[in-house]
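S.K.: Just dropping this structure here.
The values are calculated or read from the model by the stated rules, or taken from the named source; none is laboratory data. From a predicted model like this one, the values you see are computed outputs, not experimental measurements. Because the Cβ atoms are built from the backbone with ideal geometry, glycine has one as well, and the counts that use them run over all protein chains shown.
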Amino acid sequence: MNIRFFTVPNILTLSNLICGCLATLYALRFDDLQIAFALVVAAAVFDFLDGFSARLFHSYSELGKQLDSLSDMVSFGVAPSAVLLSIYQAAGGIGAWGFVVFVLAAFSALRLAKFNIDDSQTEEFEGMPTPACALFVTAAGYLYAAGLYDVRPLYVLIVALGLSWLLISPVRMFALKFHSYALKGNELRYGFVLLAVLALVVWQIVAIPFIILAYILVSVVRDLVCRAR
């Protein structure tokens, strides 16, 4: 079997993985949630670029597909769990209860494995995408480290459990994948992107958790309307 390890998409995917490893290290070893957030953002950028480059160079492979999921597991499953544990301990949480946050890593693995075998998620997602989950957690960690809000240890555990459910929930969530640039059929995507960009310009990092919450809320309402029809 002729396997090409170091294609452009695979190198970008491995960059995603390395960013996830470093984010985990900075969260657990150095308690630096701001650098951990920056590294997860970088991982998300590499995750986008590997798919973009694969389409650009027509460089699809089964190896690349598996490597992408393994990298996402670290960057968008383990790293945000590490951030939650750091927040839990910084908030005064003690004992083994804090390890409950790693249920998020376990459910991220389930989400990614399901995505790999589910052909119905080409136009939209079933359950919350792992990058969105990771960005929500790590942005919240950044804001917590900046002293912009306080939190109780119990709330951290509740967030971990709630996000874990969303990852494998049956809720259909819209994907920001543009198969054409026409407005028709992309109204929701264009509207959401526009509002998200405006929020980022005005409120910067503070806006990120609220953008993710808005994404979840809009997706839930959209899913309920579609089911009612």
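S.K.: Quick one: would you say Leu39 is part of a helix (DSSP H, G or I) and farther than 22 Å from Ala54 by Cα?
M.R.: Against the criterion (part of a helix (DSSP H, G or I) and farther than 22 Å from Ala54 by Cα), Leu39 qualifies.
S.K.: Consider Ser81 carefully, then state whether it is within 15 Å of Phe5 (Cβ to Cβ), in contact (Cβ under 8 Å) with a residue 12 or more places away in the chain and among the hydroxyl-bearing types (Ser, Thr, Tyr).
M.R.: No.
S.K.: Does the stretch 81-92 contain at least one residue that is of a type in the set (S, T, N, Q) and over 21 Å from Ser164 (Cα atoms)?
M.R.: no
S.K.: Let me ask something additional. Six or more apart or on different chains, Cβ atoms under 8 Å: show the pairs whose first residue is in the stretch 37-57 and farther than 12 Å from Ser75 by Cα and whose second is outside any helix (DSSP H, G or I).
M.R.: Final answer for the pair search is Ser53/Ser59; Ala54/Tyr60; Phe57/Thr7.
S.K.: Restricting to the stretch 101-153, name every residue that is surrounded by fewer than 16 Cβ atoms within 10 Å (Cβ to Cβ), of a type in the set (A, V, I, L, M, F, W, C) and touching a residue at least 24 places away in the same chain (Cβ under 8 Å).
M.R.: Ala106, Leu110, Ala113, Ala146, Leu148
S.K.: Quick one: which residue in Leu194, Leu217, Leu213, Leu198 is loosely packed, with under 12 Cβ neighbours inside 10 Å, touching a residue at least 60 places away in the same chain (Cβ under 8 Å), of a type outside the set (Asp, Glu) and part of a helix (DSSP H, G or I)?
M.R.: Answer to the selection: Leu213.
S.K.: Would you check which residues across the stretch 7-58 are at pLDDT below 95, in contact with a helix residue (DSSP H, G or I) (Cβ under 8 Å, 6 or more places away or on another chain) and of a type outside the set (D, E, K, R) and list them?
M.R.: Thr7, Val8, Pro9, Asn10, Leu49, Gly51, Ser53, Ala54, Phe57
S.K.: Please specify each residue of the stretch 201-210 satisfying the condition of being surrounded by 12 or more Cβ atoms within 10 Å (Cβ to Cβ) and either among the polar types (S, T, N, Q) or without any contact (Cβ under 8 Å) to a residue 60 or more places away in the chain (or both).
M.R.: Once the filter is applied, which keeps residues that are surrounded by 12 or more Cβ atoms within 10 Å (Cβ to Cβ) and either among the polar types (S, T, N, Q) or without any contact (Cβ under 8 Å) to a residue 60 or more places away in the chain (or both), the stretch 201-210 yields Trp203, Ala207, Phe210.
S.K.: Another question, then. Any idea which residue in the stretch 102-137 is modelled with the highest pLDDT, counting only those that are among the small types (Gly, Ala, Ser) and not in a helix (DSSP H, G or I)?
M.R.: Gly127
S.K.: Moving on to the next point. What do you reckon, is Ile3 without any contact (Cβ under 8 Å) to a residue 12 or more places away in the chain, of a type in the set (A, V, I, L, M) and under 25 Å from Phe115 (Cβ atoms)?
M.R.: no
S.K.: Taking the stretch 154-178 as the search range and keeping residues that are free of Cβ contacts under 8 Å to residues at least 40 places away in the same chain and not in a helix (DSSP H, G or I), which one is farthest from the chain's Cα centre (by Cα)?
M.R.: Phe178
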